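These notes are about the structure you will find just below.
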Amino acid sequence: MTEKPARLLSIDALRGFDMFWIIGGDYLVHFTAAATGWATLSALSYQLQHAEWAGLRLYDLVFPLFMFLSGVSVALALGDVQPERRGAITRRAGRRAAILAGLGIIYNFGWAWEPERFRVASVLGLIGFAYFVTVVIYCRFAGAGARFLCLLGVLAGVATLQLGVAPPGGVAGDLTPGGSINAWIDQTFLPGRLYGGAYDPEGLLGMASGISITLAGALCGAALRRGGVSPGLALRLGAIGTGAFLAGLFISPAYPPIKKIWTATFDIMAIGACMVVLAATIFLVEHKGVQAPARPFAVIGMNSIAIYMGARFLAYPVFLWASRSAIPPAAAALIVAGVIAAEWAALAVAYRKKWFLSV
């Protein structure tokens, strides 16, 4: 069987589309909705804000989609891992995770390097940890069945801790910010500032829970490598994803999806949504050949870590100033659009010259 390429335009474009909202797309929608008052934009603006606690909005899926695609890339890049390669691959993944964790700490400090801002947990740290564990599982277990059992084990372990284990002085099944098992674990074992006060949304149990999303991506990536980008495979991925999302929705009244503490229900629904989006993108880009709209996003996706860090220090100060100043929303929207255009232009130069930040 001919091996599939390690990169697919659909994956890079989808990663870039995901990053677009992080590097200013959300602010652009918020300001434009405020300026026009259009109901559709206002509804999208609402969806581009995180749920206050329980529940699921589109913005809650941005981070999980990146993790999911990281897992897809693992399978596409590694293929069938020979035993003699496991050690080198695992060590390389460990170095990547450590670098991402370090970049995450720098990101957390931002432009204010006061000691009280020191925070160990981070988005990049969670991505790196989930990536590393996924690589270990992918290398250790060759079959899809064993990898799927590992995924179920992660989900079952998280659900057991969150629903069945009472923190000292608390009660089992408490999913509130201060009473959850996540909060006790973070307060007890996680040094530095906790972003959520009593807990950290990228805390220790959240890091463990996130493995399921990246591992699910690796399972889908392995399927793509074996079966190619046929319409049939896209349809199967979409159907399975729909089923997973509905299963999470079914159990959500008893065990709600909460991104801020990464409940297993949230993981299941996020995995389902990511599979549906992946299936649709593969079908359109790889099978139907809808590549022209995909290429501008691929420019972003090929340098996602670089633009994530760059936006933090160069673009976000402008966005925050625009949101806190008294300028009209229409003017703020134009400013944000200009910043996004400048970000894309810089990425386009890097893309043409093949300058890619790889960690």
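The values are calculated or read from the model by the stated rules, or taken from the named source; none is laboratory data. Because the structure is predicted, anything quoted here is derived from the model rather than measured. Positions of Cβ are generated from backbone atoms using ideal geometry, with glycine treated the same way; all protein chains shown enter the neighbour counts. We work out accessible area using only protein heavy atoms, side chains counted, and drop any ligands, DNA or RNA first. Shrake-Rupley method; radii C 1.70, N 1.55, O 1.52, S 1.80 Å.
To keep it simple, each residue is scored yes or no on (1) open to solvent by 30 Å² or more (accessible area, probe 1.4 Å); (2) not hydrophobic (A, V, I, L, M, F, W, C).
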site	(1), (2)
ARG92	yes, yes
ILE99	yes, no
VAL135	no, no
LEU151	no, no
ALA156	yes, no
TRP184	yes, no
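Look through GLY221, GLY228, GLY217, GLY301 and report the one residue that is closer than 17 Å to LEU152 by Cα and touching a residue at least 60 places away in the same chain (Cβ under 8 Å). Break it down stepwise before answering.
Working: GLY221 fails: closer than 17 Å to LEU152 by Cα; GLY228 fails: closer than 17 Å to LEU152 by Cα; GLY301 fails: closer than 17 Å to LEU152 by Cα.
That would be GLY217, the only listed residue that is closer than 17 Å to LEU152 by Cα and touching a residue at least 60 places away in the same chain (Cβ under 8 Å).
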Does ARG15 qualify as being on the phi < 0 side of the Ramachandran plot and either out of contact with any Ser or Thr (no Cβ under 7 Å at 6 or more places or on another chain) or open to solvent by 70 Å² or more (accessible area, probe 1.4 Å) (or both)?
no
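Report, by residue number, each residue of region 104-122 that is of a type in the set (A, V, I, L, M) and surrounded by fewer than 21 Cβ atoms within 10 Å (Cβ to Cβ).
ILE105, ILE106, ALA112, VAL120
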Regarding ARG226, is this residue modelled with pLDDT under 95 and closer than 18 Å to GLY71 by Cα?
yes
Tell me, please, whether a residue that is farther than 22 Å from ILE127 by Cβ and either of a type in the set (D, E, K, R) or touching a Ser or Thr at 6+ places or on another chain (Cβ under 9 Å) (or both) can be found in region 302-316.
no
Just one of (1) open to solvent by less than 40 Å² (accessible area, probe 1.4 Å); (2) over 20 Å from the mean Cα position of the chain (by Cα); (3) among the basic types (Lys, Arg) trips up ARG312, so point out which.
(2)
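Among the candidates ALA280, ALA326, which residue alone is assigned to a helix (DSSP H, G or I), small (Gly, Ala, Ser) and surrounded by fewer than 21 Cβ atoms within 10 Å (Cβ to Cβ)? Spell out how you get there, then give the answer.
Values: ALA326 fails: assigned to a helix (DSSP H, G or I).
Of the residues listed, the single one that is assigned to a helix (DSSP H, G or I), small (Gly, Ala, Ser) and surrounded by fewer than 21 Cβ atoms within 10 Å (Cβ to Cβ) is ALA280.
Residue-wise test of (1) more than 30 Å from SER10 (Cα to Cα); (2) open to solvent by less than 10 Å² (accessible area, probe 1.4 Å).
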residue: ALA172; (1), (2): yes, no
residue: GLY203; (1), (2): yes, yes
residue: ALA208; (1), (2): no, no
residue: ILE213; (1), (2): no, yes
residue: GLY238; (1), (2): no, no
residue: LEU249; (1), (2): no, no
Of all residues in region 307-331, how many are of a type in the set (Phe, Trp, Tyr) and closer than 16 Å to LEU347 by Cβ?
2
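Look through region 24-42, keep the residues that are of a type in the set (Phe, Trp, Tyr) and open to solvent by 40 Å² or more (accessible area, probe 1.4 Å), and return whichever of them is nearest to ILE268 (Cα to Cα). Give the steps one after another, and end with the answer.
Residues of region 24-42 of a type in the set (Phe, Trp, Tyr): 27, 31, 38.
Cutting the leftovers down to open to solvent by 40 Å² or more (accessible area, probe 1.4 Å) gives us 27, 38.
Working: TYR27: 28, TRP38: 33 Å.
Across region 24-42, the extreme among qualifying residues is TYR27.
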Here are some conditions: (1) within 19 Å of SER73 (Cβ to Cβ); (2) of a type outside the set (Val, Ile, Thr); (3) out of contact with any Lys or Arg (no Cβ under 8 Å at 6 or more places or on another chain). ARG140 meets all but one. Which one does it not meet?
(3)
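Considering only residues that are part of a helix (DSSP H, G or I) and not aromatic (Phe, Trp, Tyr), look in region 43-60 and name the one that is most open to solvent (accessible area, probe 1.4 Å). First the steps, then the outcome.
The first filter runs over region 43-60 and keeps only residues part of a helix (DSSP H, G or I), leaving 43-47, 58-60.
Checking which are not aromatic (Phe, Trp, Tyr) leaves us with 43-45, 47, 58, 60.
On the way: ALA43: 57, LEU44: 58, SER45: 16, GLN47: 54, LEU58: 95, ASP60: 2 Å².
Only one residue fits best here, namely LEU58.
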Counted residues, region 277-293 - those being within 21 Å of ILE23 (Cα to Cα) and modelled with pLDDT under 95:
1
For region 166-221, which positions are within 30 Å of GLY79 (Cβ to Cβ) and polar (S, T, N, Q)?
SER209, SER212, THR214
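So, of the residues in region 231-275 that are touching a Leu at 6+ places or on another chain (Cβ under 8 Å) and among the β-branched types (Val, Ile, Thr), which turns out to be nearest to ALA159 (Cα to Cα)? Walk me through it before giving the result.
Restricting attention to region 231-275, the residues satisfying the condition of being touching a Leu at 6+ places or on another chain (Cβ under 8 Å) are 233, 237, 241, 255-259, 261-264, 266-270, 272-275.
After this cut, where a residue has to be among the β-branched types (Val, Ile, Thr) as well, the list is 258, 261, 263, 268.
Values: ILE258: 12, ILE261: 11, THR263: 7, ILE268: 11 Å.
Residue satisfying both the conditions and the ranking: THR263.
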